[in-house]
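Undergrad: Structure in structure tokens, see below.
The values are calculated or read from the model by the stated rules, or taken from the named source; none is laboratory data. Every value quoted in this text rests on a predicted model; they were computed, and no experiment measured them. Cβ: placed from backbone, ideal geometry, glycine included. Neighbour counts: every protein chain shown. We work out accessible area using only protein heavy atoms, side chains counted, and drop any ligands, DNA or RNA first. Shrake-Rupley method; radii C 1.70, N 1.55, O 1.52, S 1.80 Å.
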Amino acid sequence: MSMIKELGANLAVLTTLLFLYTQFTGRYALHQTSPLKLKLFAGVMGGLLANVLMFYSLQYGETIVDLRHIPVLLLAYYGGAVPAGIAMLFVITGRFLFGMTVSAIAGSALIIAVTLAAVWIARCKLTKTFCVFWMATAANMIFTAVIIYLLQDWSILTGLVPFYWVVSYVGVAAAFYTVEYTRRSQHLLKRYREESLTDGLTGLNNLRQFNMHLRSFSEEAKEADKPLALLFADIDHFKRVNDTFGHKEGDLVLKEIAAIMGRNVRPVDIISRNGGEEFTVLLPGCAKDDAQEIAERIRKAVEAHPFVLSDGSVIHVTLSIGIAAFPETSAAPETLTADADEALYEAERT
């Protein structure tokens, strides 16, 4: 019963701390090619986790049994020799804190052997499933050899060893599943967040992201009394392009125009596709004259650009651009959108 309780506690602590670690380090997932600083950090965290697991160990006199090898396996698989080696040193140090005994020396030899085996297996060209399986199997085999040497009591070993193998396999599977599940969830969440703020066709900001930037820049312009300009651009007679050549070709034109605009604005400017053939450019710290210069640069670049369609034919399109600038044409930043839209309408009409 004690065996189930202690190793079960190891499993619970392991999965809980792994989940928390992956939650807080989602942007810095460990890989074989990760920077050295990240590998050092991951190695220290893995070593501390292994030491926590030792506090929930199953004790047979001076010998303690736990799942301290699993963080090392994770680090060897995801990060390679450096983080696994650092965790190994932490495990050895932590084990000797329990006492300088034969069991501690054997435990240190065990974690060294497990680390070397795991690093070697991780470098073999195996599928992930086989790689994880053989790392766990190697660790279990090394554990079995060491525990037989230490205990030499078959009445204990016949129950302990098979149970440990089962719990170790379950622990390894749970640990890798926790890491992969959390990583996958974080990746999907990041993608959904990006898609909710990005125009899927052009890669520009969408209307929602434009409104967020406009609010932010408007507040800054009012508080710091800085100029803020807005360009409202529309492709002239774009419906003809779609009706004549099809929406697929129209999409190519939209993507090309997005690229042209990106090449003709400042790095700090925010380009958005607000829908259909309408684009906006937010120009923080930009006065009206400078905004006109940028708008004219974009207009000329689009007018001069040959748009090559899928069948090799070439067409030309033009842009109409409306400009609004705070405080020169707009009394408040909040009216920039309406003022730029009105200016665009005037530009298209004339």
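Undergrad: Check whether at least one residue in region 316-339 is over 37 Å from the mean Cα position of the chain (by Cα), farther than 26 Å from SER216 by Cβ and without any contact (Cβ under 8 Å) to a residue 24 or more places away in the chain, and report yes or no.
TA: yes
Undergrad: Continuing with the same structure: So how many residues does region 63-107 have that are in a helix (DSSP H, G or I), within 35 Å of the chain's Cα centre (by Cα) and among the small types (Gly, Ala, Ser)?
TA: The total comes to 6.
Undergrad: Still on this model: Could you check region 238-258 and list, in sequence order, the residues that are free of Cβ contacts under 8 Å to residues at least 24 places away in the same chain and either open to solvent by 70 Å² or more (accessible area, probe 1.4 Å) or out of contact with any Asp or Glu (no Cβ under 9 Å at 6 or more places or on another chain) (or both)?
TA: Scanning region 238-258 gives LYS239, ARG240, ASP243, THR244, GLY246, HIS247.
Undergrad: Here is a follow-up. For residues in region 213-229 being part of a helix (DSSP H, G or I) and charged (D, E, K, R), which is nearest to the chain's Cα centre (by Cα)?
TA: ARG215
Undergrad: Then there's this: I'd like to verify a number: residues in region 285-320 that are under 20 Å from THR350 (Cβ atoms), open to solvent by 70 Å² or more (accessible area, probe 1.4 Å) and of a type in the set (Ser, Thr, Tyr), how many?
TA: 0
Undergrad: Okay, next question. Considering only residues that are at pLDDT 90 or above, surrounded by 14 or more Cβ atoms within 10 Å (Cβ to Cβ) and not in a loop (DSSP other than H, G, I, E, B), which ones fall in region 321-340?
TA: ILE321, GLY322, ILE323, ALA324, ALA325, PHE326, THR335, LEU336, THR337, ASP339, ALA340, listed by residue number.
Undergrad: Can you pull out every residue in region 235-252 that is under 35 Å from the mean Cα position of the chain (by Cα) and either part of a strand (DSSP E or B) or among the aliphatic types (A, V, I, L, M) (or both)?
TA: LEU252
Undergrad: So the check is Cβ under 7 Å with 6+ separation or different chains; which pairs have a first residue in region 211-225 that's farther than 16 Å from ASP339 by Cβ and a second one that's at pLDDT 90 or above and open to solvent by 50 Å² or more (accessible area, probe 1.4 Å)?
TA: Cβ pairs passing all conditions: GLU220/LYS226.
Undergrad: Here's another thing I want to ask about it. Only one of these conditions is not met by PHE210: (1) in a helix (DSSP H, G or I); (2) open to solvent by 50 Å² or more (accessible area, probe 1.4 Å); (3) closer than 25 Å to VAL302 by Cα; (4) not β-branched (Val, Ile, Thr). Which number is it?
TA: (2)
Undergrad: Examine region 192-204 for a residue that is among the aromatic types (Phe, Trp, Tyr) and open to solvent by less than 20 Å² (accessible area, probe 1.4 Å), and state whether such a residue exists.
TA: No, that holds for no residue.
Undergrad: Quick check on my filter: what residues within region 83-97 are open to solvent by 10 Å² or more (accessible area, probe 1.4 Å) and at pLDDT below 90?
TA: PHE96, LEU97, listed by residue number.
Undergrad: State all residues of region 191-207 that are part of a helix (DSSP H, G or I) and either more than 23 Å from LYS255 (Cβ to Cβ) or in contact (Cβ under 8 Å) with a residue 60 or more places away in the chain (or both); if no residue qualifies, say none.
TA: LEU207
Undergrad: Does any residue of region 171-187 turn out to be outside any helix (DSSP H, G or I), surrounded by 18 or more Cβ atoms within 10 Å (Cβ to Cβ) and either hydrophobic (A, V, I, L, M, F, W, C) or at pLDDT 90 or above (or both)?
TA: The answer is no; no qualifying residue exists.
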